[in-house]
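**Student:** Sharing a structure below in C-alpha cells format, with a few things to ask.
The values are calculated or read from the model by the stated rules, or taken from the named source; none is laboratory data. Please read all numbers here as calculations on a predicted model, not as lab measurements. Ideal geometry is used to build each Cβ from the backbone, glycine not excepted, and the neighbour counts take in all protein chains shown.
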Amino acid sequence: MTLSQLSVPLTKDQAYALVDAVMAADDLAITASAHENEETGEWVFEATCDAEPNVEAFDALAREVLGGEVSFAVEAIDPDVNWVAKSLEGLQPVIAGGFYVHGSHEESPPPSGLTPIRIDAAQAFGTGHHETTTGCLEAIDRVLKRRRFRSMLDVGTGTGVLAIALAKRTHLPVLATDIDPIAVTTTVENARDNGVGRQIIAIEATGLDHRQIATSAPYDMIVANILAGPLTALAPAMRKIAEPGCVVILSGILIHQAPRVIAAYSRMGIVLKQKITRKEWATLVLERM
C-alpha cells in the first residue's frame, strides 16, 4: 500500500474540528489526527491516505468547517513508520459531563469519579473532541442527574460514543442508528470494547424510517448529533416516536442555526429547556409536551 500524508498547521480547536469532519467523510482518509509540536508549541492537523489525497476535497471541507482557505502540505509516508500509532498520539483524552473519553493508546488510568469511554479514531464521526460531542455528553450528564430513563435512542451514532455513555450510566439498552454501515460496525465494536456490547443495538437506518425504530417506540430519551438541516426535517417524525415528557438532545448545530431548529421542534410540541454553547456550536435540550 502506498501511503501519503496531508498536513497543515492550525489552532488546537481548528485541528480537532477538522479531524472529526474528515473522519465523518467517506473515503477521504484512512485516519486523521491533531497533535502539538513539542518544540514550537504549534498544533498540526494530519491525515493519512492510502493513495494520492484528494486535495480539492480537503480544501472544500476545510472551507466548510473552518470558514477559510488553508494550504495543505502533502508528502509520502515512510513504509517503516507505524503510522497508526503516530496518528493516535495526538488524540488526548477529553473530559466532558463526568465522562472521560480516551483512546486505547492512553496509558494513564482514568481519573477517579469519571465514567471512562474508550474510542479510537475510526471511519466514523465521534472521537469525543468536537464541541458537538462534548456538548451532548454534558447534556446527557445533566438530564441523567434529574431523572431515570427506560427507552433510549441515539440517531446518527457515529462511533457510538453517546450510546455508550447512556448505556454505561443507565445500565439499560440503547438503540443506536446511523445511515453509514461503517458507523454501525464501529459502534458494535466500540460497545463491545467498552463492556456494553449486550446493551447497545446498532442498526443501519436513514433518519427515523426503520421498522425497529418504530417497534421500540415510544422513547423517553432521544439523542441526535447530526446537522441542523436533517434535524429540522426530522422534527415531525421525532414527535411521533417521542412520548410525552421525552427529553430530546440535539447537536451538530451552529449557534446561528439554533433558532430555526428550535422553531421547527416547537411547532411539534417539543420545546427548548436548555441550550449549551461551546465555541460556535449549540447543543439543545428539549422536552416533548
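**Student:** Does Ile140 count as closer than 24 Å to Ile255 by Cα and in contact (Cβ under 8 Å) with a residue 24 or more places away in the chain?
**Tutor:** The answer is yes for Ile140.
**Student:** From the list Ala47, Ala73, which residue is in contact (Cβ under 8 Å) with a residue 60 or more places away in the chain and out of contact with any Lys or Arg (no Cβ under 6 Å at 6 or more places or on another chain)?
**Tutor:** Among Ala47, Ala73, only Ala73 is in contact (Cβ under 8 Å) with a residue 60 or more places away in the chain and out of contact with any Lys or Arg (no Cβ under 6 Å at 6 or more places or on another chain).
**Student:** Out of Thr206, Thr157, Thr186, report the one residue that is closer than 13 Å to Ile222 by Cα and of a type outside the set (A, V, I, L, M, F, W, C).
**Tutor:** None of the other options fit; the residue is Thr157.
**Student:** When you scan the range 243-278, how many residues do you find that are over 24 Å from Arg148 (Cβ atoms) and assigned to a strand (DSSP E or B)?
**Tutor:** Matching residues across the range 243-278 total 5.
**Student:** Next question, about the same structure. Looking at Asp178, Asp154, Asp141 in this structure, which one is surrounded by fewer than 24 Cβ atoms within 10 Å (Cβ to Cβ) and at negative phi?
**Tutor:** Asp141
**Student:** Identify all residues within the range 102-140 that are at pLDDT 90 or above and hydrophobic (A, V, I, L, M, F, W, C); write none if there are none.
**Tutor:** Answer for the range 102-140, where residues must be at pLDDT 90 or above and hydrophobic (A, V, I, L, M, F, W, C): Leu114, Ile117, Cys136, Leu137, Ala139, Ile140.
**Student:** Another one. Name the residue that is surrounded by the fewest Cβ atoms within 10 Å (Cβ to Cβ), counting only residues in the range 278-289 that are modelled with pLDDT of 95 or more and farther than 11 Å from Cys136 by Cβ.
**Tutor:** Met289
**Student:** Considering only residues that are surrounded by fewer than 21 Cβ atoms within 10 Å (Cβ to Cβ) and of a type outside the set (A, V, I, L, M, F, W, C), look in the range 6-30 and name the one that is nearest to Asp180 (Cα to Cα).
**Tutor:** Asp26
**Student:** For the range 145-192, name all the residues that are of a type in the set (Asp, Glu) and out of contact with any helix residue (DSSP H, G or I) (no Cβ under 9 Å at 6 or more places or on another chain).
**Tutor:** Pass one, the range 145-192, residues of a type in the set (Asp, Glu): 154, 178, 180, 189.
Hit for the range 145-192 is Glu189, nothing else.
**Student:** What number of residues in the range 181-197 are in contact with a strand residue (DSSP E or B) (Cβ under 7 Å, 6 or more places away or on another chain) and either crowded, with 24+ Cβ neighbours inside 10 Å or not polar (S, T, N, Q) (or both)?
**Tutor:** The qualifying residues number 6.
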